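Written below as structure tokens is the structure these notes are about.
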Amino acid sequence: MKLFNHNQEIHKYQGIVLPFKLVNFMKYRKFAYAFSIILTTLCIVCISVKGFNWGLDFTGGNIIQTQFSQPVNLEEVRKTLRDNYIEGAIVQTTGDAKNVMIRLPASAGNVQIGNKIQAMLTKIDPKIKIESVSFVGPNVGKDLTDSAIYATFATLLILLAYIAIRFEWRLGTGAVIALAHDVIVTLGVFSFFQIEMDLTFVAAILSVVGYSLNDSIVVFDRVRENFRKIRRIDTLEIINVSLTQTLSRTLMTSITTLFTVISLFLFGGPSIHSFSLALLVGIGFGTYSTIYIAISVALDLKLKREHMLVLKVDKDVIEDLP
């Protein structure tokens, strides 16, 4: 109870305005640690056991460019392919609704598969033309996989350096652990449900990293500001005050973003299904990890007021220097 009495004094005497009653976030951080450890462990085990359902961008396959005589319904094309026992096809328009790209798993012959697809789709449009048939080998897919992994790890390292320089290494460590947590959970969801992963998934992961980092920086900025403004309370109370001040902003941003992502997931179509699902999972856990991992880890690494204050230089000492 002492914590809340202190913060009533802050509101009264220190000019700190809270949007609503102080929330004691840090009281539950140990439970959050336990939940996150269990969750990430399960995700890592799932990834190790089940692996991923890599899409054609990574495994290789056939890419067939078609041209219809009139705009075509993509869902009708997908249904026709499924009715002919072709599973896992990715169907997208390129340019306009008449030009359709079909991506299929690797098969025996490029020419043969092109002729088969043309024969199937003549039921939709007798004047359909096969513009080109190309094959992406598994070596290209391996290069894309390696590049995606390197890009993600490089991003995490650069962010750690940026936050350590901009704020403090304890905050940087907390932020990177939170980012890794969000990425592992998102990967675990895709592994558990065996959802196909393509290059749009990589874009979504990097978007999640950026979104989560932005949330963390907002909180870090407020913590640093309050360290300079409030003198009578300890680090734990400063963090609770800062999180309460930024909670309304965090909730409004997260909810409005999730509305958009849910709309993409439900109505965006199969071509961006993995992208929208990765954003949905990543942003949801990103909001949680900002509060209960990023700033909580910094607190347990003994973040103190002096770590966030700008050192003042004595002018007389500078003048005495040779």
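See the values below:
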read-out	value
Any hit, region 141-159, residues being in contact with a helix residue (DSSP H, G or I) (Cβ under 7 Å, 6 or more places away or on another chain), farther than 27 Å from Ala294 by Cβ, open to solvent by less than 40 Å² (accessible area, probe 1.4 Å) and among the polar types (S, T, N, Q)	yes
Hits in region 46-96 - residues which are crowded, with 16+ Cβ neighbours inside 10 Å, within 27 Å of Ile149 (Cβ to Cβ) and among the aliphatic types (A, V, I, L, M)	Ile47, Leu56, Ile63, Ala89, Ile90
Sole exception among (1) in contact with a Leu (Cβ under 8 Å, 6 or more places away or on another chain); (2) closer than 11 Å to Ala294 by Cα for Ile177, by number	(1)
Residue satisfying all of: in region 69-90; closer than 21 Å to Thr59 by Cα and touching a residue at least 60 places away in the same chain (Cβ under 8 Å); nearest to the chain's Cα centre (by Cα) among these	Ile90
Region 34-58 residues that are of a type in the set (Ser, Thr, Tyr), paired with ones that are surrounded by 14 or more Cβ atoms within 10 Å (Cβ to Cβ) and in a helix (DSSP H, G or I) (beta carbon under 8 Å, 6 or more apart)	Ser36/His181; Ser36/Ser289; Ser36/Tyr292; Ser36/Ile293; Thr40/His181; Thr40/Ile184; Thr40/Val185; Thr40/Gly188
Condition met for Val219 (under 19 Å from Ile44 (Cα atoms), more than 10 Å from the chain's Cα centre (by Cα) and in a helix (DSSP H, G or I))	no
Filter result for Gly172 (touching a Leu at 6+ places or on another chain (Cβ under 6 Å), within 30 Å of Asp146 (Cβ to Cβ) and not β-branched (Val, Ile, Thr))	yes
Residue list for region 90-131, filter: small (Gly, Ala, Ser) and at pLDDT below 80	Gly95, Ala97, Ala106, Ser107, Ala108, Gly109, Gly114
Members of region 172-189 that are modelled with pLDDT of 85 or more and either more than 17 Å from the chain's Cα centre (by Cα) or among the acidic types (Asp, Glu) (or both)	Thr173, Asp182
Complete set of residues in region 214-225 that are of a type in the set (A, V, I, L, M, F, W, C) and open to solvent by 20 Å² or more (accessible area, probe 1.4 Å)	Ile217, Val218
Residue check, Asp215 of a type in the set (Asp, Glu), free of Cβ contacts under 8 Å to residues at least 60 places away in the same chain and under 18 Å from Ile293 (Cβ atoms)	no
Candidates Val209, Val219 - the one that is closer than 26 Å to Ala298 by Cα and in contact with an Asp or Glu (Cβ under 8 Å, 6 or more places away or on another chain)	Val209
In region 226-279, residue surrounded by the fewest Cβ atoms within 10 Å (Cβ to Cβ) [restricted to those that are under 30 Å from Lys304 (Cα atoms) and hydroxyl-bearing (Ser, Thr, Tyr)]	Ser248
Among (1) under 30 Å from Arg249 (Cα atoms); (2) of a type in the set (D, E, K, R); (3) open to solvent by less than 40 Å² (accessible area, probe 1.4 Å), the one test that Asp198 misses	(1)
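Yes/no per residue for (1) more than 29 Å from Val223 (Cβ to Cβ); (2) at pLDDT 90 or above; (3) open to solvent by 20 Å² or more (accessible area, probe 1.4 Å):
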residue: Gly282; (1), (2), (3): no, no, no
residue: Tyr292; (1), (2), (3): no, yes, yes
residue: Ser296; (1), (2), (3): no, yes, no
residue: Lys302; (1), (2), (3): no, no, yes
residue: Val310; (1), (2), (3): no, no, yes
residue: Asp316; (1), (2), (3): yes, no, yes
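The values are calculated or read from the model by the stated rules, or taken from the named source; none is laboratory data. Since the model is a prediction, treat every value here as computed from it, not as a measurement. FYI the Cβ positions are ideal-geometry reconstructions off the backbone, even for glycines, and counts take in every protein chain you see. The area values use the complete protein model at the heavy-atom level, side chains included, leaving out ligands, DNA and RNA. Shrake-Rupley method; radii C 1.70, N 1.55, O 1.52, S 1.80 Å.
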